[in-house]
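Take a look at the structure below.
Since every read-out is calculated from the coordinates, none of them should be taken as a lab result. What you see is a predicted model, and the numbers here were worked out from it, not measured in a lab. Ideal geometry is used to build each Cβ from the backbone, glycine not excepted, and the neighbour counts take in all protein chains shown.
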Amino acid sequence: MKICIVIPTYRRNVQLVRLLSQLAELRETYMGQAEYSVFVTDSDPNNPASDIIQQLCDRYILNKGTGFDDNLFYFYKDYAGAFDFVFSCSDDDLFNCGPVNALDLLEVAARQDKAAVHFNHFEYKTDSPDGMEMRYSLSSAAYNLPALTDDPEALRRRFLGLLPRHVGMLYKSSHITGLLDQLPAFRGTLHLYAVPFMCAVESGEAVFFDYPLNYFSAEVGDDGAWENKVNVYYGLLQYLVASKALLSRESFELTRRGFMGNYLGQSAWLRRLIPEDLQHETEVLARIEEAMTL
């Protein structure tokens, strides 16, 4: 069984090298039967650390397109078919150094032979009050919802209206390649990674593992996808409209309500982060209405 860990990156070389070094240690102590590869797909064509990165991974890929979604889209298109499963990991995240090697747990999850597996995760934040010593603060597990493990309907309702983060996501490669014709509609949404999970949840082929496999960086900064919060907002609107083609009418309505409450509506937390003068309600509702009538 071949499993690829793919890491999309853009100008976070310090964090990326930290993650790649950790993965090298995990692979050295892993005694299981799966064959692991580590691929890095980079949106920076002039990355000064490219030589270092290439030495720490099995394959270093320059993004054919632009941005986070294309980092994954072109990996899915060009390389996913060479593996049985794909696990994607953000460049500023880490693996949980618990009593069991994380690669053993990934192998156990892959042997469930589901289209998608989503692991629980911890959040971490960094703080350097004196500019010298870096301190890490950890949260409890992100999800404390036992029903996610036991009830496929609870899993579907939880993650249709509030997308999972890009953390702890394992996909069957055949599931990804089966969606290649639909994925281009989600390029530019900044959430293309969630499409295979959404489809697996819809078809009952997704499971949740209530083990925090990763530490997720919970910093909401001004880099990466968060460099332009307006783009995040309109990306989620695009995602919602595109999801109509992949969901049943009832599931799309559930997704629409969730997106309005969590992201797009006037009182949603994301809407409160972006400029007040953003052309909003009329455009948003018009595009959603358009999607409803497709």
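How high is the FRET efficiency between residue 253 and residue 230 when r is their beta carbon distance and R₀ equals 22 Å, given to the nearest 0.05?
Computed FRET efficiency for residue 253 and residue 230 comes out at 0.25.
Relative contact order for the chain: what percent, with Cα pairs under 8 Å and sequence separation of 6 or more? Let's see the in-between values first.
Numbers: 490 pairs, mean separation 56.8, N = 294.
Value for the chain: 19 percent.
Taking R0 as 22 Å, what FRET efficiency do you get between residue 262 and residue 113 from their Cβ-Cβ distance, rounded to the nearest 0.05?
FRET efficiency, residue 262 to residue 113: 0.10.
The list (i) 18.8, 57; (ii) 21.0, 65; (iii) 24.0, 88 gives values of Rg and Dmax of the Cα atoms in Å, and only one came from this structure; which label was calculated from it?
It is the one labelled (i).
So between residue 104 and residue 55, what do we pick up on full extension, going 0.36 nm a residue minus the alpha carbon distance?
Stretched out fully, the residue 104 to residue 55 stretch lengthens by 15.2 nm.
Going by amide H atoms built from the backbone, whose H comes under 5 Å of the H on residue 96, apart from near neighbours?
Distant-sequence amide H within range of residue 96: 214, 215.
Treating the angle as unsigned and between 0 and 90°, give the value, to the nearest 10°, between the Cα long axis of helix 13-29 and the longest Cα principal axis of the chain.
Roughly 60 degrees between the two axes.
Working out 0.36 nm times the residue gap between residue 30 and residue 180, then minus their Cα-Cα distance, what length gain in nm do you get to one decimal? Can you show the working numbers first?
On the way: separation 150, 0.36 × 150 = 54.00 nm, distance 3.20 nm.
The span from residue 30 to residue 180 would gain 50.8 nm if fully extended.
To the nearest 500 deg cm²/dmol, what mean residue ellipticity at 222 nm is calculated for the chain from DSSP H runs of n ≥ 4 alone, each contributing -39,500 (n - 2.57), summed and divided by the residues?
That calculation yields -11000 deg cm²/dmol at 222 nm.
Cα axis of helix 67-78 to longest principal axis of the chain: angle in degrees, 0 to 90, nearest 10?
Value to nearest ten degrees: 70.
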